[in-house]
1. Which pairs do you get when a residue that is within 18 Å of Phe51 (Cα to Cα), found in the range 75-103, comes within reach of a residue that is part of a helix (DSSP H, G or I) and at pLDDT below 90, reach meaning Cβ atoms under 8 angstrom, with the pair 6+ apart or on two chains?
2. Within the range 131-149, which residues are open to solvent by less than 40 Å² (accessible area, probe 1.4 Å), modelled with pLDDT under 90 and either under 19 Å from Gln101 (Cβ atoms) or β-branched (Val, Ile, Thr) (or both)?
3. Name the one entry in Leu182, Leu127, Leu204 that is surrounded by fewer than 18 Cβ atoms within 10 Å (Cβ to Cβ) and either over 30 Å from Val260 (Cβ atoms) or more than 35 Å from the chain's Cα centre (by Cα) (or both).
4. Would a scan of the range 428-440 turn up a residue that is open to solvent by less than 70 Å² (accessible area, probe 1.4 Å), among the aromatic types (Phe, Trp, Tyr) and farther than 28 Å from Asp371 by Cα?
5. Can you list the strands (runs of 3 or more DSSP E) lying wholly within the range 154-258 that have 2 or more residues being modelled with pLDDT of 90 or more and under 30 Å from Phe299 (Cα atoms)?
6. Can you tell me which residue in the range 10-39 is nearest to Ser78 (Cα to Cα), limited to those that are surrounded by 10 or more Cβ atoms within 10 Å (Cβ to Cβ) and at pLDDT below 65?
7. Collect the residues in the range 121-148 that are farther than 30 Å from Asp185 by Cα and in a loop (DSSP other than H, G, I, E, B), keeping them in residue-number order.
8. So, in the range 388-411, of the ones that are β-branched (Val, Ile, Thr), out of contact with any Gly (no Cβ under 8 Å at 6 or more places or on another chain) and open to solvent by less than 50 Å² (accessible area, probe 1.4 Å), which residue ends up nearest to Gly452 (Cα to Cα)?
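The values are calculated or read from the model by the stated rules, or taken from the named source; none is laboratory data. Everything numeric here is computed off the predicted structure, so don't read it as measured data. Using ideal geometry, Cβ is built from the backbone for each residue, glycine included, and neighbour counts are taken over all protein chains shown. Just so you know, the surface numbers come from the protein's heavy atoms only, side chains and all, with ligands and any DNA or RNA stripped out. Shrake-Rupley method; radii C 1.70, N 1.55, O 1.52, S 1.80 Å.
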Amino acid sequence: MGNAAFEVLEDVLGFVLSGRDNGAQPESSSTFVGVKVLDVNDNAPTIDILFLSESGEAEVSEGAGVGEYVARILVSDSDADDLLGVTVTLEGGQGKFALKQTDHFLYALCVDGPLDREETARFELRLRASDQASPLLSTEVTFDLMVTDVNDCPPLFARAAYEVRLAEDVPPGTSVVQVKALDRDTGDNAAVRYSILGLEDPPLLFTVDPASGLISTRGPLDREREAVVRLLVVAEDGGGDGGEQALSSTAMVNVVIEDVNDNEPVFQLQLYNVSIPEHSRIGSCFLQVVATDADGPDFGALRYSLSDGFDWKDLHPPLFHINADTGEVCVSQDIDRDTGQTSHDILVKAVDQGGLSAQTYVHIEVEDVNDHAPVFNPQRYAASVSSHAPPDTEVLTAVATDPDSGRYGRVTYELLPSDLSGLFTLDRDTGTLYLRSTVAHLGEAVVQLSMGARDGGGRPAATPARLTVNVLASAQTPAVFSRSRYSFTVSEDAPPGTSVGAVTAVQPG
C-alpha cells in the first residue's frame with residue numbers, strides 16, 4: 001500500500017492511491033479516489049442583533065410610531081443548505097413589537113403598537129431561530145428592551161385647589177402652603193418648576209419657591225382690602241430644555257385672609273348738629289349716629305354708649321340715652337327749654353369687639369314750642385294825665401312777658417274796646433298808651449281800660465291788664481316825665497349811695 005494524498009473540494013474529499021511491488025525492478029501504479037462528504041445537522045443557527053438606537057443600546061423611544069425599526073437581526077447556520085429552512089420567531093413584548101423579514105437571512109424588529117413608558121418601561125423579548133433538519137436545532141436570545149422617555153406627561157398637582165387661612169397681620173416671609181405636582185416622565189422631563197400667575201394682582205403679596213413649591217408672603221396683607229386672594233400656581237416640566245415642548249398644569253390656591261382687630265371704628269361725622277322740640281315725647285329717638293369698622297364681623301360689630309362730655313355729667317338723671325346696637329339717640333326725660341338749658345352737648349362712644357373705640361360729639365338745640373301765654377306783670381297799672389295834655393301824650397306802658405323764644409316770645413298788645421277807649425291809642429309792639437285826642441272835656445275823671453297781649457304764635461294772655469287813667473283838671477298844666485318808663489343797670493356789688501340813673505320831668509309851656 002502506498003501513500004495517499006487528500007484534497008477537500010467543497011463537500012468532496014479527493015485523494016490519490018499508489019501501489020508498488022517488491023521486485024528487483026519494482027513496478028507501480030496509482031489511481032484517484034474521490035469521496036463525497038455528506039452533511040449532517042450538527043450546527044445550531046446563530047442570531048446577531050444590531051440595535052438602531054443612537055446609543056446602540058437595547059432601547060426604543062416611547063414616541064416611536066408603528067412600523068418604526070428597533071433593531072436589525074442577522075440569522076446564520078453553518079450547516080449547508082439549512083439557512084433556507086431556518087425559521088425565526090419573537091416572543092414577549094405584549095404585542096407591541098413584530099418581526100419583519102427583509103432578506104433571506106435578515107429580519108427587522110419593528111414597533112407594532114403604541115408605547116407608553118409610564119405604563120411599561122421594560123419589555124423582555126425572546127428571539128428563537130430553528131432549523132428544519134433532523135435533529136432539529138435551535139437558538140434563543142433573550143434581551144430586555146428599554147423604553148426611553150419623551151415629554152408626554154404634564155406635571156399633575158396632588159389637588160386641583162388648595163384653601164388656606166392666614167391672619168392678616170403675619171409678617172412678610174411667612175410660609176403659607178406647599179403645593180406639589182408630580183410628572184410621570186423621567187429625567188429633565190420630570191423636573192418641575194413652580195410659578196404664580198398674576199403676581200401683579202394683588203401686587204407683591206405672595207411668592208413661590210420655584211423648586212419646592214412653597215408659597216410664602218412677600219408683603220403686608222390687608223383683609224379689609226381683599227378678604228380672599230386667589231393664586232393660580234403653574235407647574236411646568238423641563239421638557240423645553242431638551243428641545244421638546246414644555247408641558248404644564250395649574251392649581252388654584254385660595255388664601256382666606258383672617259381678620260385681626262387692626263381698625264378703629266370711624267364715625268361718619270365728627271360733629272352732629274340736631275334740633276329737637278322741647279317737651280319731646282319720652283322715649284322718642286331723634287338722631288342715629290353711625291360708625292363703621294372695616295374689620296370683619298368678629299371685630300367689626302359696634303356698641304354705642306354716651307360718655308361724659310360737656311354738661312352731660314351734670315345731668316342726673318340724664319336727659320338722653322342711646323341704643324347700644326343701633327346708635328339711636330333718644331329722649332329720657334322731659335326737656336323744658338324755658339326753665340332749663342337751650343342746648344346740650346353729649347359725647348357718643350363706639351367700641352368694637354376688640355376694645356378699639358372712637359367718639360363723636362352731638363350738639364342738640366332745644367327748639368321752642370309755644371307752651372306759654374303772655375303774662376302781664378304787674379297786672380294793674382295806674383297813671384294820671386292832665387286834662388290839658390295834648391294828643392300823643394304818653395300815658396303809661398304795660399308790660400307782658402312770654403318765656404318762649406323767637407316769635408313765640410314776641411308779644412304784641414291790643415287795647416280792648418270800651419266806652420272811652422277811643423280817646424287812646426296803643427303802640428302794639430311796646431304796650432305804650434298814648435292820648436289820641438284831648439281829654440279836657442272829661443274834666444276830673446277816672447278812665448278804666450283793658451289791655452290784651454298775644455304772642456307770635458297767636459296765644460293770648462289769660463288775663464288782660466287793668467289800666468286806670470286819672471284825668472286831672474287844673475288851671476295849670478302839670479309837669480310830665482320826659483319818658484313814661486326808665487330802665488337802669490347797676491352792679492350787684494355797688495355800695496349804698498351809688499347813682500343808678502336819673503329821671504326828668506318838664507313843665508309844659
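1. Val75/Leu83; Ser76/Leu83
2. Once the filter is applied, which keeps residues that are open to solvent by less than 40 Å² (accessible area, probe 1.4 Å), modelled with pLDDT under 90 and either under 19 Å from Gln101 (Cβ atoms) or β-branched (Val, Ile, Thr) (or both), the range 131-149 yields only Asp131.
3. Residue meeting the stated conditions: Leu182.
4. yes
5. 161-167, 175-178, 206-208, 214-217, 228-237, 248-258
6. Checked the range 10-39; the qualifying residue nearest to Ser78 (Cα to Cα) is Asp39.
7. Listed by number, the residues that qualify are Asp131, Gln132, Ala133, Ser134, Pro135, Leu136, Leu137.
8. Among those residues, the one meeting the criterion is Val395.
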